[in-house]
1. With θ set to phi - 60°, apply the Karplus curve 6.51 cos²θ - 1.76 cosθ + 1.60 along the stretch 181-188 and write out the HN-Hα couplings as whole Hz, x wherever there is a Gly or Pro.
2. What angle, in degrees between 0 and 90 and rounded to the nearest 10, separates the Cα long axis of helix 86-107 from the longest principal axis of the Cα atoms of the chain?
3. Name the long-range amide H neighbours of Ala48: under 5 Å, sequence gap of 5 or more, or other chain; modelled H, no Pro or chain starts.
4. Which residues' amide hydrogens lie under 5 Å from the amide hydrogen of Ser116, considering only partners 5 or more residues apart or on another chain, with H built in the peptide plane?
5. Rounded to the nearest 20 debye, what is the charge dipole size of the stretch 1-114 about its Cα centre when +1 sits on each Lys and Arg Cβ and -1 on each Asp and Glu Cβ?
6. What is the Cα centroid distance between the stretch 197-249 and the stretch 114-134, reported in whole angstrom?
7. Residue by residue through the stretch 141-150, which ³J(HN,Hα) values in whole Hz follow from phi under the Karplus form 6.51 cos²θ - 1.76 cosθ + 1.60 (θ = phi - 60°), with glycine and proline marked x?
8. Using Cα atoms only, what is the angle between the long axis of helix 56-65 and the major principal axis of the chain, expressed in degrees (0 to 90) to the nearest 10?
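Read-outs: derived from the displayed coordinates by stated rules, not from any lab. For clarity, every value in this text was computed on a predicted model and none was experimentally measured. Counting neighbours? That spans all protein chains shown, and the Cβs are built from the backbone with ideal geometry, glycine included.
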Amino acid sequence: MNVLVVGAGGQIGTELIPHLQKVYGEDNIIAADLRPEIVEKLSQVSRAVMLDALDIRAYSQIVKEYKIERIYNLVALLSATGEKNPQLAWSVNMGALLNSLELAKENNCSIFTPSSIGAFGNDTPHKDTPQDTIMRPGTMYGVCKVAGELLSDYYYTRFGVDARSVRFPGIISNGCLPGGGTTDYAVEVFYDIIKKGEYTCPIPENTYMDMLYMPDALEACTQLMDADPSALVHRNSFNVTGMSFNPKQLFAAIAKRVPGAKFHYNVDPVKRDISASWPDNMDDSCAREEWGWNPKWNMESMIDDMLEAIRAKNL
Ligand code: AKB
């Protein structure tokens with residue numbers, strides 16, 4: 001299986017590349033990114049090419065040259081960044097998706113594009129958020145995610161494109177830092193506590209959000225794409241979650257393991273409003289029933305692993 005990962009230099013891509021190499025073979029994975037310095041870094045671990053996903057001719061050439069059979073489209077401006085420049089967020093997020101779907105159609109590729117808890121909004125039921133429910137997000141990022149889910153389903157029903165996706169919650173990882181998201185606090189806290197012994201949080205202490213540890217997120221990316229299509233009732237996009245907590249609970253659990261760690265709050269009003277509009281915890285039973293989703297990591301095991309991995313970096 002020849003797989004192209006577009007937007008490969010971000011938080012998910014940098015860890016998805018080695019995961020895909022293990023599953024489908026090292027030579028079959030092509031990493032693409034817009035930034036030359038990132039392509040240079042990616043080329044040390046993978047076959048790598050420079051690509052602006054908005055340039056459909058260049059994108060098409062790469063899909064044809066490498067005989068691509070599956071596309072992971074990870075190009076996105078995240079929720080908080082999107083509120084700083086909504087027009088740019090729309091043109092990048094939707095432009096990359098439309099090009100990816102068109103090329104998937106022309107070249108008979110399957111395609112995975114992450115959706116997000118950001119697809120939900122204030123009117124969504126916040127507890128046990130159902131798979132099929134009211135969406136109406138209040139951010140440009142969320143508007144793109146809902147539009148992207150609909151567009152991907154449209155390409156499936158209208159053209160038969162094998163498009164599948166999950167609604168990722170905040171992803172916690174220790175490879176590459178996330179950037180511009182509302183859930184980033186749950187990653188940043190580990191770096192600051194190890195480096196400085198203290199962390200200032202932009203999210204109110206009682207705000208719950210769903211989270212997922214990276215190893216489970218990577219499993220979702222391959223497990224859903226390799227699932228038997230006849231078992232899929234849904235496609236774009238499945239609720240998936242590994243844990244739900246608020247900052248106060250996360251910090252108390254970290255403090256038990258790092259004596260003397262100090263936590264402060266300086267709430268960012270944009271992130272406060274975004275996080276308040278998202279689910280407290282999603283119901284991911286459709287993913288479990290339709291393709292066997294079964295995450296392994298919970299908050300406690302994730303914290304132990306994150307602390308060990310970040311301590312080992314000797315920052
Ligand atoms: C964000 O916070 O914007 C992302 C997401 C939940 O999609 N991490």
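1. x, 8, 8, 4, 4, 6, 9, 4
2. For helix 86-107, the angle is close to 40 degrees.
3. Ala31
4. Phe168
5. Details: 10 positive and 13 negative charges, 24 e Å.
That gives a dipole near 120 debye.
6. 13
7. Going residue by residue, I get 4, x, 4, 4, 5, 5, 4, x, 4, 5 Hz, with x marking Gly and Pro.
8. For helix 56-65, the angle is close to 70 degrees.
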